[in-house]
Amino acid sequence: MPSDESFVAVTCTAPVNIAVIKYWGKRDEELILPLNSSLSVTLHQDQLRTTTTAAISRDFLEDRIWLNGQEEDVEQPRLQACLREIRRLARKCGSTGDEDQHLLTPGPSDRVHVASVNNFPTAAGLASSAAGFACLAYTLARIYGVEGDLSEVARRGSGSACRSLYGGFVEWQMGQRADGRDSVAWQVASESHWPQLRVLILVVSAERKPTGSTVGMQTSVQTSDLLKFRAEALVPARMAEMARCIQERDFPGFAKLTMQDSNQFHATCLDTFPPISYLNDTSQRIMQLVHRFNAHHGQTKVAYTFDAGPNAVIFTLEDTMAEFVAVVRHVFPPEANGDKFLKGLPVTPVPVSDDLKATLAMEPVPRGVQYIIATQVGPGPQVLDDPDVHLLGQDGLPKPRPAA
Ligand code: DP6
(Lines give C-alpha, C1' and ligand atoms only; values in the text may rest on other atoms or scores of the structure.)
Protein backbone atom coordinates (compact mmCIF):
# COMPACT_ATOMS: atom_id res chain seq x y z
CA MET A 1 0.00 0.00 0.00
CA PRO A 2 2.42 2.73 -1.13
CA SER A 3 1.61 6.33 -0.35
CA ASP A 4 3.51 9.50 -1.00
CA GLU A 5 3.15 10.48 2.62
CA SER A 6 4.22 8.90 5.87
CA PHE A 7 0.60 8.05 6.71
CA VAL A 8 -1.58 5.29 5.29
CA ALA A 9 -5.13 4.38 6.25
CA VAL A 10 -7.57 1.68 5.19
CA THR A 11 -11.27 1.54 6.03
CA CYS A 12 -13.38 -1.60 5.77
CA THR A 13 -16.80 -2.82 6.85
CA ALA A 14 -17.86 -6.25 8.14
CA PRO A 15 -21.22 -7.92 8.79
CA VAL A 16 -23.03 -9.44 11.74
CA ASN A 17 -23.75 -13.18 11.53
CA ILE A 18 -26.42 -15.24 13.24
CA ALA A 19 -25.79 -18.92 13.95
CA VAL A 20 -28.39 -21.49 12.95
CA ILE A 21 -26.25 -24.31 14.39
CA LYS A 22 -24.81 -22.77 17.54
CA TYR A 23 -21.26 -22.58 18.83
CA TRP A 24 -21.25 -22.99 22.61
CA GLY A 25 -18.18 -24.28 24.41
CA LYS A 26 -14.44 -24.26 23.79
CA ARG A 27 -11.95 -27.11 23.88
CA ASP A 28 -9.09 -24.58 24.04
CA GLU A 29 -9.67 -21.22 25.75
CA GLU A 30 -6.41 -19.64 24.65
CA LEU A 31 -6.67 -20.47 20.93
CA ILE A 32 -10.49 -20.23 20.97
CA LEU A 33 -11.11 -23.68 19.53
CA PRO A 34 -14.74 -24.81 19.69
CA LEU A 35 -16.21 -28.08 20.96
CA ASN A 36 -18.34 -28.34 17.81
CA SER A 37 -18.66 -26.92 14.32
CA SER A 38 -21.27 -24.21 13.73
CA LEU A 39 -23.11 -22.67 10.81
CA SER A 40 -24.37 -19.12 10.34
CA VAL A 41 -26.11 -16.72 8.03
CA THR A 42 -24.35 -13.43 7.26
CA LEU A 43 -26.69 -10.45 7.59
CA HIS A 44 -26.70 -7.57 5.14
CA GLN A 45 -24.42 -4.64 5.90
CA ASP A 46 -26.98 -2.13 4.61
CA GLN A 47 -28.68 -2.65 7.98
CA LEU A 48 -25.99 -3.90 10.40
CA ARG A 49 -22.28 -3.37 10.07
CA THR A 50 -19.06 -2.46 11.79
CA THR A 51 -16.79 0.08 10.08
CA THR A 52 -13.10 0.06 11.00
CA THR A 53 -10.20 2.27 9.99
CA ALA A 54 -6.62 1.15 10.57
CA ALA A 55 -3.88 3.73 10.12
CA ILE A 56 -0.11 3.55 10.19
CA SER A 57 2.28 6.45 10.42
CA ARG A 58 5.96 6.78 11.24
CA ASP A 59 4.85 9.14 14.02
CA PHE A 60 2.86 6.50 15.94
CA LEU A 61 4.70 5.30 19.03
CA GLU A 62 2.24 2.67 20.21
CA ASP A 63 -0.82 0.68 19.11
CA ARG A 64 -4.09 2.44 20.05
CA ILE A 65 -7.75 1.60 19.57
CA TRP A 66 -11.06 3.50 19.82
CA LEU A 67 -14.47 1.79 19.83
CA ASN A 68 -17.48 3.97 19.09
CA GLY A 69 -15.35 7.03 19.87
CA GLN A 70 -14.03 5.81 23.26
CA GLU A 71 -10.39 4.82 23.63
CA GLU A 72 -10.09 1.21 24.85
CA ASP A 73 -7.28 -0.66 26.56
CA VAL A 74 -5.10 -2.00 23.77
CA GLU A 75 -3.57 -4.51 26.20
CA GLN A 76 -6.79 -6.59 26.29
CA PRO A 77 -5.55 -10.16 25.74
CA ARG A 78 -7.87 -10.91 22.81
CA LEU A 79 -6.94 -7.72 21.02
CA GLN A 80 -3.27 -8.48 21.62
CA ALA A 81 -3.79 -12.01 20.23
CA CYS A 82 -5.28 -10.56 17.01
CA LEU A 83 -2.44 -8.06 16.61
CA ARG A 84 0.21 -10.72 17.24
CA GLU A 85 -1.44 -13.10 14.80
CA ILE A 86 -1.74 -10.55 11.97
CA ARG A 87 1.90 -9.51 12.45
CA ARG A 88 2.97 -13.15 12.34
CA LEU A 89 1.07 -13.60 9.06
CA ALA A 90 2.53 -10.34 7.71
CA ARG A 91 6.04 -11.67 8.38
CA LYS A 92 5.09 -14.94 6.68
CA CYS A 93 3.77 -13.02 3.66
CA GLY A 94 7.16 -11.33 3.44
CA SER A 95 5.94 -7.82 4.23
CA THR A 96 8.92 -6.00 5.74
CA GLY A 97 7.92 -2.36 5.41
CA ASP A 98 9.52 0.31 3.30
CA GLU A 99 12.68 1.99 4.49
CA ASP A 100 12.19 4.97 2.17
CA GLN A 101 11.66 8.20 4.12
CA HIS A 102 8.73 9.30 1.95
CA LEU A 103 7.07 6.09 0.87
CA LEU A 104 5.38 4.11 3.61
CA THR A 105 4.65 0.45 3.04
CA PRO A 106 3.55 -0.83 6.43
CA GLY A 107 5.59 -3.64 7.90
CA PRO A 108 4.76 -5.92 10.84
CA SER A 109 6.64 -3.82 13.34
CA ASP A 110 4.82 -0.59 12.50
CA ARG A 111 2.46 0.60 15.23
CA VAL A 112 -1.19 0.87 14.25
CA HIS A 113 -4.11 3.06 15.29
CA VAL A 114 -7.57 1.56 14.94
CA ALA A 115 -11.01 3.16 15.19
CA SER A 116 -14.20 1.16 14.92
CA VAL A 117 -17.90 2.06 14.98
CA ASN A 118 -21.09 0.02 14.81
CA ASN A 119 -24.23 1.34 13.14
CA PHE A 120 -26.29 -0.51 15.78
CA PRO A 121 -26.24 -0.54 19.62
CA THR A 122 -23.12 -2.41 20.76
CA ALA A 123 -24.76 -4.06 23.71
CA ALA A 124 -28.06 -4.94 22.04
CA GLY A 125 -27.10 -8.60 21.88
CA LEU A 126 -26.62 -8.33 18.12
CA ALA A 127 -23.28 -10.10 17.84
CA SER A 128 -21.31 -6.88 17.76
CA SER A 129 -18.10 -8.62 18.81
CA ALA A 130 -18.33 -10.94 15.78
CA ALA A 131 -18.64 -8.04 13.32
CA GLY A 132 -16.07 -6.04 15.28
CA PHE A 133 -13.29 -8.65 15.33
CA ALA A 134 -13.98 -9.74 11.74
CA CYS A 135 -13.65 -6.12 10.68
CA LEU A 136 -10.48 -5.70 12.72
CA ALA A 137 -8.89 -8.81 11.15
CA TYR A 138 -9.92 -7.81 7.64
CA THR A 139 -8.76 -4.18 7.96
CA LEU A 140 -5.43 -5.09 9.57
CA ALA A 141 -4.86 -7.64 6.80
CA ARG A 142 -5.38 -4.95 4.16
CA ILE A 143 -3.02 -2.48 5.82
CA TYR A 144 -0.26 -5.02 6.53
CA GLY A 145 -0.64 -6.70 3.13
CA VAL A 146 -1.72 -10.11 4.44
CA GLU A 147 -3.42 -12.41 1.93
CA GLY A 148 -5.46 -15.56 2.45
CA ASP A 149 -7.83 -16.86 5.09
CA LEU A 150 -8.11 -14.72 8.23
CA SER A 151 -10.14 -17.16 10.36
CA GLU A 152 -7.34 -17.52 12.86
CA VAL A 153 -6.97 -13.77 13.40
CA ALA A 154 -10.71 -13.11 13.79
CA ARG A 155 -11.27 -16.25 15.90
CA ARG A 156 -8.68 -15.14 18.45
CA GLY A 157 -10.84 -12.04 19.03
CA SER A 158 -14.15 -13.87 19.35
CA GLY A 159 -14.95 -17.37 18.11
CA SER A 160 -18.06 -16.42 16.16
CA ALA A 161 -16.13 -13.58 14.43
CA CYS A 162 -14.48 -15.97 11.97
CA ARG A 163 -17.92 -16.62 10.44
CA SER A 164 -18.33 -12.87 9.69
CA LEU A 165 -15.36 -13.04 7.28
CA TYR A 166 -17.60 -14.43 4.54
CA GLY A 167 -20.97 -13.55 3.07
CA GLY A 168 -23.93 -15.86 2.58
CA PHE A 169 -23.99 -19.10 4.57
CA VAL A 170 -20.85 -19.93 6.51
CA GLU A 171 -19.50 -22.95 8.36
CA TRP A 172 -16.89 -22.70 11.10
CA GLN A 173 -15.40 -26.16 11.07
CA MET A 174 -14.16 -27.12 14.50
CA GLY A 175 -10.97 -28.74 13.15
CA GLN A 176 -8.96 -31.52 14.77
CA ARG A 177 -5.49 -30.06 15.21
CA ALA A 178 -4.23 -28.95 18.62
CA ASP A 179 -2.72 -25.78 17.09
CA GLY A 180 -6.10 -24.80 15.61
CA ARG A 181 -4.82 -24.25 12.07
CA ASP A 182 -7.74 -26.26 10.67
CA SER A 183 -10.38 -24.49 12.80
CA VAL A 184 -11.47 -22.20 9.98
CA ALA A 185 -14.54 -20.64 8.43
CA TRP A 186 -15.60 -21.26 4.83
CA GLN A 187 -18.54 -20.32 2.67
CA VAL A 188 -21.20 -23.02 2.26
CA ALA A 189 -23.27 -20.91 -0.19
CA SER A 190 -22.98 -17.34 -1.41
CA GLU A 191 -25.22 -14.39 -0.53
CA SER A 192 -27.05 -14.70 -3.86
CA HIS A 193 -27.90 -18.38 -3.33
CA TRP A 194 -31.28 -17.90 -1.60
CA PRO A 195 -32.59 -14.44 -2.56
CA GLN A 196 -36.04 -14.94 -1.05
CA LEU A 197 -34.72 -15.45 2.49
CA ARG A 198 -35.50 -12.58 4.89
CA VAL A 199 -34.38 -11.86 8.44
CA LEU A 200 -36.23 -9.87 11.10
CA ILE A 201 -34.46 -8.89 14.29
CA LEU A 202 -36.95 -8.36 17.08
CA VAL A 203 -35.19 -6.14 19.61
CA VAL A 204 -36.69 -7.03 22.97
CA SER A 205 -34.07 -5.45 25.17
CA ALA A 206 -31.03 -3.34 24.40
CA GLU A 207 -29.51 -4.01 27.82
CA ARG A 208 -26.17 -5.70 28.24
CA LYS A 209 -26.52 -9.42 28.91
CA PRO A 210 -26.02 -10.49 32.55
CA THR A 211 -23.81 -13.47 31.66
CA GLY A 212 -21.50 -12.87 28.70
CA SER A 213 -20.99 -15.68 26.16
CA THR A 214 -17.38 -16.33 27.15
CA VAL A 215 -18.11 -16.91 30.84
CA GLY A 216 -21.44 -18.61 30.13
CA MET A 217 -19.90 -21.21 27.87
CA GLN A 218 -17.04 -21.86 30.32
CA THR A 219 -19.57 -22.77 33.02
CA SER A 220 -21.51 -24.93 30.55
CA VAL A 221 -18.35 -26.82 29.55
CA GLN A 222 -17.55 -27.47 33.22
CA THR A 223 -21.02 -28.56 34.30
CA SER A 224 -23.35 -29.60 31.47
CA ASP A 225 -23.42 -33.24 30.37
CA LEU A 226 -26.01 -32.24 27.80
CA LEU A 227 -23.53 -29.86 26.16
CA LYS A 228 -20.94 -32.63 25.83
CA PHE A 229 -23.53 -34.99 24.35
CA ARG A 230 -24.78 -32.31 21.97
CA ALA A 231 -21.29 -31.44 20.71
CA GLU A 232 -20.17 -35.03 20.21
CA ALA A 233 -23.29 -36.93 19.25
CA LEU A 234 -25.77 -34.45 17.76
CA VAL A 235 -24.06 -31.54 16.05
CA PRO A 236 -22.23 -33.48 13.30
CA ALA A 237 -25.50 -34.79 11.81
CA ARG A 238 -27.18 -31.40 12.32
CA MET A 239 -24.38 -29.66 10.39
CA ALA A 240 -24.85 -32.00 7.44
CA GLU A 241 -28.63 -31.64 7.52
CA MET A 242 -28.45 -27.84 7.73
CA ALA A 243 -26.03 -27.68 4.78
CA ARG A 244 -28.46 -29.83 2.78
CA CYS A 245 -31.44 -27.58 3.65
CA ILE A 246 -29.45 -24.54 2.52
CA GLN A 247 -28.18 -26.15 -0.69
CA GLU A 248 -31.73 -27.25 -1.62
CA ARG A 249 -33.37 -24.04 -0.32
CA ASP A 250 -35.64 -26.25 1.77
CA PHE A 251 -37.23 -23.57 3.97
CA PRO A 252 -39.38 -25.83 6.21
CA GLY A 253 -36.34 -28.06 6.90
CA PHE A 254 -34.06 -25.07 7.50
CA ALA A 255 -36.62 -23.39 9.75
CA LYS A 256 -37.36 -26.44 11.88
CA LEU A 257 -33.70 -27.28 12.47
CA THR A 258 -32.88 -23.63 13.22
CA MET A 259 -35.54 -23.56 15.95
CA GLN A 260 -34.53 -26.95 17.31
CA ASP A 261 -30.89 -25.95 17.54
CA SER A 262 -31.70 -22.66 19.26
CA ASN A 263 -33.86 -24.55 21.74
CA GLN A 264 -31.14 -27.12 22.34
CA PHE A 265 -28.57 -24.40 22.97
CA HIS A 266 -30.88 -22.79 25.55
CA ALA A 267 -31.51 -26.24 27.04
CA THR A 268 -27.75 -26.63 27.59
CA CYS A 269 -27.81 -23.23 29.30
CA LEU A 270 -30.50 -24.50 31.65
CA ASP A 271 -28.49 -27.71 32.14
CA THR A 272 -25.52 -25.58 33.19
CA PHE A 273 -25.04 -25.32 36.95
CA PRO A 274 -25.88 -22.75 38.23
CA PRO A 275 -28.31 -22.46 35.30
CA ILE A 276 -28.11 -19.63 32.79
CA SER A 277 -31.23 -18.23 31.19
CA TYR A 278 -30.98 -15.77 28.38
CA LEU A 279 -34.64 -15.79 27.32
CA ASN A 280 -37.30 -13.63 28.99
CA ASP A 281 -41.11 -13.67 28.90
CA THR A 282 -41.19 -11.75 25.63
CA SER A 283 -38.77 -14.25 24.03
CA GLN A 284 -41.10 -17.07 25.13
CA ARG A 285 -44.10 -15.25 23.69
CA ILE A 286 -42.29 -14.78 20.38
CA MET A 287 -41.63 -18.53 20.26
CA GLN A 288 -45.29 -19.22 20.95
CA LEU A 289 -46.30 -16.70 18.29
CA VAL A 290 -44.08 -18.37 15.67
CA HIS A 291 -45.45 -21.85 16.42
CA ARG A 292 -49.07 -20.66 16.33
CA PHE A 293 -48.46 -18.71 13.10
CA ASN A 294 -46.98 -21.83 11.49
CA ALA A 295 -49.86 -23.98 12.82
CA HIS A 296 -52.39 -21.54 11.33
CA HIS A 297 -50.76 -21.90 7.91
CA GLY A 298 -50.32 -25.65 8.24
CA GLN A 299 -46.62 -25.31 7.32
CA THR A 300 -43.37 -23.93 8.73
CA LYS A 301 -43.26 -20.43 7.29
CA VAL A 302 -41.28 -18.70 10.05
CA ALA A 303 -38.42 -19.69 12.37
CA TYR A 304 -36.84 -18.09 15.45
CA THR A 305 -33.38 -18.30 16.87
CA PHE A 306 -31.94 -16.69 20.02
CA ASP A 307 -28.29 -16.16 21.02
CA ALA A 308 -27.03 -15.21 24.47
CA GLY A 309 -29.82 -12.67 25.04
CA PRO A 310 -33.59 -12.20 24.77
CA ASN A 311 -33.68 -10.67 21.24
CA ALA A 312 -35.22 -12.90 18.58
CA VAL A 313 -33.89 -13.36 15.07
CA ILE A 314 -36.65 -14.49 12.73
CA PHE A 315 -36.13 -16.21 9.38
CA THR A 316 -38.88 -16.19 6.80
CA LEU A 317 -39.37 -15.88 3.05
CA GLU A 318 -40.12 -12.68 1.14
CA ASP A 319 -43.79 -13.59 0.60
CA THR A 320 -44.45 -14.04 4.35
CA MET A 321 -42.51 -11.10 5.79
CA ALA A 322 -45.32 -8.48 5.65
CA GLU A 323 -47.86 -10.77 7.31
CA PHE A 324 -45.46 -11.74 10.08
CA VAL A 325 -44.49 -8.11 10.76
CA ALA A 326 -48.22 -7.29 11.00
CA VAL A 327 -48.67 -10.11 13.51
CA VAL A 328 -45.75 -8.86 15.64
CA ARG A 329 -47.34 -5.37 15.63
CA HIS A 330 -50.63 -6.95 16.67
CA VAL A 331 -49.19 -8.93 19.59
CA PHE A 332 -46.63 -6.28 20.66
CA PRO A 333 -48.31 -2.96 19.82
CA PRO A 334 -45.69 -0.18 19.54
CA GLU A 335 -45.93 3.32 21.02
CA ALA A 336 -48.76 5.49 19.64
CA ASN A 337 -46.22 7.08 17.31
CA GLY A 338 -45.02 3.74 15.97
CA ASP A 339 -43.31 4.98 12.81
CA LYS A 340 -39.85 4.01 14.11
CA PHE A 341 -41.01 0.47 14.94
CA LEU A 342 -39.76 -0.99 11.65
CA LYS A 343 -36.24 -0.19 10.48
CA GLY A 344 -34.30 -1.54 7.50
CA LEU A 345 -35.97 -3.04 4.46
CA PRO A 346 -39.34 -1.53 3.62
CA VAL A 347 -42.34 -3.74 4.41
CA THR A 348 -45.80 -2.92 3.04
CA PRO A 349 -48.36 -2.90 5.86
CA VAL A 350 -51.01 -5.64 5.59
CA PRO A 351 -53.97 -6.43 7.84
CA VAL A 352 -54.05 -9.49 10.13
CA SER A 353 -57.10 -11.63 9.38
CA ASP A 354 -59.60 -12.30 12.18
CA ASP A 355 -59.01 -15.95 11.56
CA LEU A 356 -55.29 -15.61 12.27
CA LYS A 357 -55.93 -13.43 15.34
CA ALA A 358 -58.22 -16.16 16.64
CA THR A 359 -55.59 -18.91 16.17
CA LEU A 360 -52.94 -16.77 17.84
CA ALA A 361 -55.24 -16.15 20.82
CA MET A 362 -52.61 -13.90 22.40
CA GLU A 363 -53.30 -10.89 24.60
CA PRO A 364 -51.41 -7.88 23.24
CA VAL A 365 -48.34 -6.87 25.29
CA PRO A 366 -47.68 -3.21 24.52
CA ARG A 367 -44.04 -2.42 23.70
CA GLY A 368 -42.86 -6.00 24.41
CA VAL A 369 -40.80 -5.67 21.23
CA GLN A 370 -39.00 -2.30 21.06
CA TYR A 371 -38.40 -2.33 17.33
CA ILE A 372 -37.80 -4.60 14.34
CA ILE A 373 -34.87 -4.50 11.91
CA ALA A 374 -35.79 -6.07 8.57
CA THR A 375 -32.81 -7.34 6.62
CA GLN A 376 -31.59 -10.15 4.36
CA VAL A 377 -28.57 -12.31 3.63
CA GLY A 378 -25.54 -10.23 2.70
CA PRO A 379 -21.93 -10.22 1.54
CA GLY A 380 -18.71 -10.48 3.54
CA PRO A 381 -16.33 -7.65 4.50
CA GLN A 382 -15.74 -4.81 2.06
CA VAL A 383 -12.99 -2.24 1.53
CA LEU A 384 -14.26 1.34 1.27
CA ASP A 385 -12.23 3.26 -1.30
CA ASP A 386 -13.29 6.82 -0.51
CA PRO A 387 -10.69 8.45 1.82
CA ASP A 388 -13.47 10.65 3.27
CA VAL A 389 -14.84 7.61 5.10
CA HIS A 390 -11.71 7.16 7.25
CA LEU A 391 -12.56 7.32 10.94
CA LEU A 392 -9.04 8.53 11.78
CA GLY A 393 -7.54 11.83 10.69
CA GLN A 394 -3.94 12.33 9.53
CA ASP A 395 -3.03 13.00 13.17
CA GLY A 396 -4.05 9.40 13.93
CA LEU A 397 -6.92 10.46 16.19
CA PRO A 398 -10.64 9.79 15.65
CA LYS A 399 -12.34 12.42 13.53
CA PRO A 400 -15.27 14.14 15.26
CA ARG A 401 -18.38 12.02 14.64
CA PRO A 402 -21.50 13.53 13.13
CA ALA A 403 -24.36 13.73 15.66
CA ALA A 404 -26.56 10.62 15.45
C1 DP6 B 1 -24.61 -17.93 21.45
O2 DP6 B 1 -18.25 -15.90 19.79
O3 DP6 B 1 -19.35 -14.39 21.50
O4 DP6 B 1 -23.80 -16.38 19.83
O5 DP6 B 1 -15.63 -17.03 21.46
O6 DP6 B 1 -16.01 -16.46 23.84
O7 DP6 B 1 -16.01 -14.64 22.12
P8 DP6 B 1 -16.31 -16.12 22.42
O9 DP6 B 1 -17.88 -16.29 22.26
P10 DP6 B 1 -18.85 -15.76 21.14
O11 DP6 B 1 -20.06 -16.80 21.31
C12 DP6 B 1 -21.17 -16.77 20.50
C13 DP6 B 1 -22.20 -17.72 21.03
C14 DP6 B 1 -23.55 -17.66 20.38
C15 DP6 B 1 -23.70 -18.75 19.33
C16 DP6 B 1 -23.00 -18.54 18.01
O17 DP6 B 1 -22.85 -17.38 17.56
O18 DP6 B 1 -22.64 -19.55 17.39
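Considering the convex hull of the alpha carbon atoms of the stretch 133-255, report its projected area averaged over all viewing directions, in nm², one decimal.
Projected area, direction-averaged: 10.1 nm².
Rolling a 1.4 Å sphere over the protein heavy atoms, what is the accessible area per residue of the chain, to the nearest Å²?
43 Å²
Where the accessible area of the chain is counted over protein heavy atoms with a 1.4 Å probe, how much of it, in %, is carbon and sulfur?
Here carbon and sulfur together make up 51 percent of the probe-accessible area.
Mind checking the angle between helix 128-144 and the chain's longest principal axis? C-alpha axes, 0 to 90 degrees, to the nearest 10.
30 degrees
Over the C-alpha atoms of the stretch 272-378, what are the Rg and the largest Cα-to-Cα span, Dmax, in Å?
In order Rg, Dmax, the Cα atoms of the stretch 272-378 give 14.1, 46 Å.
Can you check how the C-alpha radius of gyration of the stretch 322-404 compares to 2.2 N^0.38 Å, as a plain ratio?
Output field value: 1.69.
Just order 292-301, 260-269 by mean Cβ neighbour count inside 10 Å, highest at the front, would you?
Averaged packing, sorted descending, gives the order 260-269, 292-301.
Largest first and to the nearest Å, give the Cα extent of the stretch 1-85 along each principal axis.
Largest to smallest, the principal-axis extents are 47, 33, 27 Å.
So what's the Cα pair-distance distribution over the chain, bin width 10 Å, in %?
Spelled out per bin, shortest first, that is 5, 22, 31, 24, 13, 4, 1, 0.
Quick check: the angle from helix 281-297's long axis to the longest principal axis of the chain, C-alpha only, nearest 10 degrees?
With rounding to tens, the tilt is 60 degrees.
Sorted by packing (mean other beta-carbon atoms within 10 Å per residue), highest first, where do 314-323, 243-252 land?
For the peptides 314-323, 243-252, the packing ranking is 314-323, 243-252.
In terms of the Cα gyration tensor, with a ≥ b ≥ c the square roots of its eigenvalues, is the stretch 236-335 rounded because a/c is under 1.5, prolate because a/b exceeds b/c, or oblate?
oblate
Which net charge results when you count Lys and Arg as +1 and Asp and Glu as -1 among the other residues whose beta-carbon is under 13 Å from that of G368?
0
The values are calculated or read from the model by the stated rules, or taken from the named source; none is laboratory data. Computed from a prediction, not measured in an experiment: that's the story for all the values here. In this analysis, Cβ positions are derived from the backbone assuming ideal geometry, glycine residues included, and neighbour counts consider all displayed protein chains. Surface accessibility is based on the protein's heavy atoms, side chains included, excluding ligands, DNA and RNA. Shrake-Rupley method; radii C 1.70, N 1.55, O 1.52, S 1.80 Å.
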